[in-house]
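What follows is one structure encoded as structure tokens, with my remarks underneath.
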Amino acid sequence: MPLPVPIRRDLEDALTAAGFGNALINSVSAVHGGSINSAYRIDTSAGSFFAKVNQADSLPGLFEKEARGLEFLSRNSSLTVPRVIGTGLTGENAWLLTEFLRSSPEKPGFATEFGRKLAEMHRVTGPFFGLEEDNYIGSLPQTNTRTDSWPDFFAEMRISPQLKRARDSGLISPADVRAFDALKKKLSDFFPQENPSPLHGDLWSGNFITDSAGKPAVFDPAVYFGHRYMDLGMTKLFGGFPAGFYNAYFDAYPAEPNAEEGTEVANIYPLLVHVNLFGGGYVQQVRSALRKYA
């Protein structure tokens, strides 16, 4: 949709409040920004920026939580993360304004640097599994109640809410539920005991780019402190990351021999999310993992 004039004015005010002077919008162009928001490149007298807009009552607090998620990644990693300029409400619309990241062709060493920097982020120690607030993964609520045990957190804060949603929608069978109950008893077999790590939370290949300096840049997070196999598992969905990424990661932060199994079990969560977002096409992938590990 075209960007309404009142939102344009509020974005200009946000830029001024953030120290960009009397910034004026020169042009607005629609860009790819995901299926749940309208997204725009905003070219102004102070440079280019990126804006997302949606109906405020459809996903309450989404952009404020996303902004705090980006700031969480900036605090806990050396990856490039778009700077948050501001969030706000204009009439019935909510918006998020950030730095605009220009992409560039991948340069030699990109994958190695990406893997090393993610490993460095995962070596940061968090105080608990979870987060101070709940947030979203895509358009679905993500529960982050603090927990001391990763298997408990994975079972109760990740699998159970998605499982209930899928069961209530008739997308999975009673046999699937029983298989999940069996898997929950074995989770400590797949996740070695580790300290909580800061996680991107939705680290698939569509949520990173090579920035204009050739550095790895990440966005669209679903952050919390969790087991690093969650991020590693997500990188292997939908095509995976370059081989050099994994070589560098495991050189910097070695994993247990069963890491392959652990990341496949971790991926049951995003696969269930996809079942609930996009329908039954992902159910067979969930069942395949259950047959293998439950």
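The figures follow:
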{"item": "Residue match in segment 237-247 (condition: in contact with a helix residue (DSSP H, G or I) (Cβ under 6 Å, 6 or more places away or on another chain) and of a type in the set (Ser, Thr, Tyr))", "result": "no"}
{"item": "Only one of Gly214, Gly201, Gly226 that is surrounded by 23 or more Cβ atoms within 10 Å (Cβ to Cβ), on the phi > 0 side of the Ramachandran plot and outside the structural domain of His32 (by TED's automatic domain parsing)", "result": "Gly201"}
{"item": "Tally of residues being under 26 Å from Gly138 (Cβ atoms) and not in a strand (DSSP E or B) across segment 7-50", "result": "10"}
{"item": "Residue count for segment 172-198, restricted to those that are under 15 Å from Leu272 (Cα atoms) and touching a residue at least 40 places away in the same chain (Cβ under 8 Å)", "result": "5"}
{"item": "Residues located in segment 175-217, provided they are assigned to a helix (DSSP H, G or I) and within 25 Å of Pro242 (Cα to Cα)", "result": "Phe190, Ser205, Gly206, Asn207"}
{"item": "Among residues of segment 253-290, those that are out of contact with any helix residue (DSSP H, G or I) (no Cβ under 9 Å at 6 or more places or on another chain) and not in a helix (DSSP H, G or I), counted", "result": "3"}
{"item": "Candidates Phe250, Phe225, Phe241 - the one that is in a loop (DSSP other than H, G, I, E, B) and of a type in the set (A, V, I, L, M, F, W, C)", "result": "Phe241"}
{"item": "From Ser212, Ser173, Ser149, Ser205, residue being more than 21 Å from the chain's Cα centre (by Cα), closer than 25 Å to Arg75 by Cα and modelled with pLDDT under 95", "result": "Ser212"}
{"item": "Failed condition for Gly233, given (1) in contact (Cβ under 8 Å) with a residue 12 or more places away in the chain; (2) in a helix (DSSP H, G or I); (3) out of contact with any helix residue (DSSP H, G or I) (no Cβ under 6 Å at 6 or more places or on another chain)", "result": "(3)"}
{"item": "Test set (1) within 18 Å of Val283 (Cα to Cα); (2) hydrophobic (A, V, I, L, M, F, W, C); (3) crowded, with 18+ Cβ neighbours inside 10 Å - Ala182 fails condition number", "result": "(3)"}
{"item": "Qualifying residue in segment 193-202 (condition: over 11 Å from the mean Cα position of the chain (by Cα), more than 19 Å from Phe72 (Cα to Cα) and modelled with pLDDT of 95 or more)", "result": "yes"}
{"item": "Candidate set: segment 13-31, residues that are of a type outside the set (Gly, Ala, Ser) and under 28 Å from the mean Cα position of the chain (by Cα); chosen: the one nearest to Ile85 (Cα to Cα)", "result": "Leu15"}
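The values are calculated or read from the model by the stated rules, or taken from the named source; none is laboratory data. All figures in this text were calculated on a predicted structure; none of them were measured in a lab. A quick note on method: Cβ atoms are made from the backbone with ideal geometry, for glycine too, and the neighbour counts reach across all protein chains shown.
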